[in-house]
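Asks: I am attaching a structure below and will ask some questions about it afterwards.
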Amino acid sequence: MLLTLAASRRVLFLGGKGGVGKTTVASAVAYAQARDGRRVLLVSTDPAHNLGHLWQCRIGPEPRPLAAGLDAVEIDPGATVKAHLGQVGDALRKLMPPHLSGEVDRHLALSRDAPGMLEAALLERIAGIVQQGLRSHDLLVFDTAPSGHTARLMALPDMMAAWTDGLLRRQARSERFGVALRNLGGDDGVAARALGEGDEARTPGDRDQAIRAMLHRRRHLFGDLRDVLADATATAFAIVLAAERLPVLETIELHASLVRAGIHVGALVVNRRSPADAGAFLAERRVQEEIHLRALREALPDIPLQQLPLLAGDVAGEAGVAAIADLLARSG
Ligand SMILES: Nc1ncnc2c1ncn2[C@@H]1O[C@H](COP(=O)(O)OP(=O)(O)O)[C@@H](O)[C@H]1O
Ligand SMILES: [Mg+2]
């Protein structure tokens, strides 16, 4: 079922509470799809990064091959903010008069810890990966951070697009103001000198255009991401959970916030089901799990659900991932 969903999509997100098996299931889906001949990119956006632990190798910020047809990349939110602010700083320094470069530095230092900065930088990186990945790969599988974080992130492309639109409108106004000023024989020479030797923006007109181009690029990036996320034929979200009280409650909440963000939730994966035939203790656990699953089905009756058994040992390396991929294929 999860594999059928993945096979019919270009982008698949896996989310859910910490420790339920997101990384394991994301890896297994990605592996199974690569085995079926699709070119797959597995992306971790979880700062806890256990993709590398599971695959027993180092995975970094640039895609690297994991298996035939399967590449992986780990996005580090902290490093992403640093790179993002570096780029913004370079752009600002080119656009602002040199004597304001101290202001730029101060602004960037404050921005580092500003609320939402981590998400904004992460989102820009995700948008870039989706844009490139859709060209280089057939399927992108996202192993996301625990629930709350991800739901906020899914609503963000819309907000960022609207925010950038606002900036563009303001910029258009100030551009008109600049033109009016110049027509009055205003500040041309002063502003051009203030901009220094920068090759990007020699006159206020150039500067306005450069700002506009930068905002437009971002607007397109976020707009494209929003379009991909909102397209249920291209993108689906699968929620991974354990058949326990809190994961079930979180699943219901996560589903509601994803629906609010316009994301199609295509699957529920109940991981680590206890066996009925391996002793009284596990059999009793299984009975408890059924009670929690009934609550889940009452709240979300229409979403396809797939279950995976509790395994005796941890999942590790390609062989471990392949075993889960087989289970997904069999139980689907
Ligand atoms: N079906 C399963 N049976 C046994 N152990 C599992 C199963 N699924 C996952 N695990 C183990 O549970 C731990 C957490 O899984 P992981 O995929 O890292 O969760 P998450 O990414 O949601 O935090 C890992 O040690 C993993 O090997
Ligand atoms: Mg994980």
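Rule-based calculations on the coordinates, nothing more; no lab input. If you're wondering where the values come from, they're calculated on a predicted model, not measured in any experiment. With ideal geometry, Cβ positions are generated from the backbone for all residues, glycine too; neighbour counts draw on all protein chains shown.
Asks: For a label point 7 Å from the Cα of Leu168 along Cα→C-beta, name the residues of the stretch 122-136 whose backbone N is under 15 Å from it.
Replies: Of the residues in the stretch 122-136, none has backbone N under 15 Å from the label point off Leu168.
Asks: Could you give P(r) for the chain, binned at 20 Å from zero, as whole percent values over all Cα-Cα pairs?
Replies: For the chain, the pair-distance distribution reads 28, 47, 19, 5, 0.
Asks: Continuing with this model, one more query. For the stretch 201-282, what's the relative contact order in percent, using C-alpha pairs closer than 8 Å and at least 6 residues apart?
Replies: 28
Asks: Hey, another quick one. Kindly write out, for the stretch 237-244 in residue order, the coupling ³J(HN,Hα) from the Karplus curve 6.51 cos²θ - 1.76 cosθ + 1.60 (θ = phi - 60°), rounded to whole Hz, with x marking Gly and Pro.
Replies: With the stated coefficients, the stretch 237-244 comes to 10, 10, 9, 9, 8, 9, 7, 10 Hz.
Asks: Run the numbers for Gln56 and Ala323: contour at 0.36 nm per residue of separation, minus the present Cα-Cα distance, in nm.
Replies: 94.6 nm
Asks: Further, regarding this structure: Ranked highest first by average number of other Cβ atoms within 10 Å, how do 24-32, 274-282, 214-222 line up?
Replies: 24-32, 214-222, 274-282
Asks: A further question follows. Return the long-range amide H neighbours of Leu308 (sequence gap of 5 or more, or a different chain), with a cut-off of under 5 Å between placed amide H atoms.
Replies: HN-HN under 5 Å from Leu308: Val270, Asn271, Arg272, Arg273.
Asks: If you don't mind, there's one more thing I want to ask. State which helices in the chain qualify, where a helix is a whole DSSP H run, it must extend 30 Å or more along its own axis by its Cα atoms, and its mean Kyte-Doolittle hydropathy must be at least 1.6.
Replies: none
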